[in-house]
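Okay, structure first, notes after.
The values are calculated or read from the model by the stated rules, or taken from the named source; none is laboratory data. Because the structure is predicted, anything quoted here is derived from the model rather than measured. Neighbour counts run over all protein chains shown; Cβ positions are idealised from the backbone, glycine included. For accessibility, only protein heavy atoms count, side chains too; no ligands or nucleic acids. Shrake-Rupley method; radii C 1.70, N 1.55, O 1.52, S 1.80 Å.
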Amino acid sequence: MTTNAPDDEVLVERAGPVLTLTFNRPAARNALTWNMYERLTRACEEVDADDRIRVLVLRGAGGKAFVAGTDISQFRVFETAEAGIAYERDGDRRIARLEAVGKPVIAQIQGFAVGGGFRIAAACDLRIATPDARFGAPIARTLGNCLSMEAYARLLDLFGPSRLKELIFTARLLTATEAHAAGFVHEIVAAEAIEARVEALAEELASHAPITLRVTKEAVRRLHAARPLPDGDDLIALTYTSADFREGVRAFLAKDKPRWTGR
């Protein structure tokens, strides 16, 4: 059974105990529209509402990208601090819903998992990648924006402060091998074998005690959530109202090199 979001931007397919969601904008490297974010949230609700579904798999169409961030054209309407804060809070809400899914979530990653795609991959429980997979948030080179405190905290947990700062400051992308060595990627599988490997892994997880899996996920989530985070709205406001952010959006859409001024 397959159900599609408007314009087929997201495909959702059920096969036995496994629900697979495919981000389906391959021509745009599966960059996410607001509609795609919303469909991901609805899929999380569907998985939790159906006891017959034991595993959720996320993947990107086309073989070139998992998700290459958010559709940048949508940032042209950002003119106030409130718009930037609302965007980051909305992102936090959607990622929190993904992390709260009571069943295992597997990211099947081919190609780029960048920006919003990097964060979605980080919110999954297991990450299986092809050798050409690349990971990162190259915002210092592209848009000149920032992450939310919640996003920084999650990546800090996964990579540590030294590697996280190096990733953001250099705006480079981690290779699959580097991500595997860091413990972020769990397995590297050839492109022609990844679908079968993820299917086998999903079936294996579906055969295990669901309460054990659910309780373990929730325990880890609560431990993370129990740590208070400092307020970061001032940092987000500074970034999204800056001339540099407007220049980053302009340059990205014009396929131009941004001219940063620090203002």
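Remarks
- With respect to being among the hydrophobic types (A, V, I, L, M, F, W, C), closer than 22 Å to P210 by Cβ and either modelled with pLDDT of 95 or more or not in a helix (DSSP H, G or I) (or both), L11 falls outside the description.
- Between G91, G117, G69, G136, the distinction of being closer than 22 Å to A191 by Cα, at pLDDT below 95 and within 13 Å of the chain's Cα centre (by Cα) belongs to G69 only.
- All conditions but one from (1) touching a residue at least 24 places away in the same chain (Cβ under 8 Å); (2) closer than 27 Å to H208 by Cα apply to R42; the one that does not is (1).
- Taking each residue of segment 154-182 that is under 14 Å from I139 (Cβ atoms) and surrounded by 15 or more Cβ atoms within 10 Å (Cβ to Cβ) and looking for partners that are at pLDDT 95 or above and among the hydroxyl-bearing types (S, T, Y) with beta-carbon atoms closer than 8 Å, six or more apart or interchain, yields L164/Y152.
- Note on segment 88-119: residues that are in contact with a Phe, Trp or Tyr (Cβ under 7 Å, 6 or more places away or on another chain), assigned to a helix (DSSP H, G or I) and open to solvent by 10 Å² or more (accessible area, probe 1.4 Å) total 1.
- Scanning segment 203-260 for residues that are open to solvent by less than 70 Å² (accessible area, probe 1.4 Å), touching a Gly at 6+ places or on another chain (Cβ under 8 Å) and outside any helix (DSSP H, G or I) gives T241, S242, P258.
- Filtering segment 19-35 to residues that are crowded, with 23+ Cβ neighbours inside 10 Å and within 16 Å of R197 (Cα to Cα) leaves only L19.
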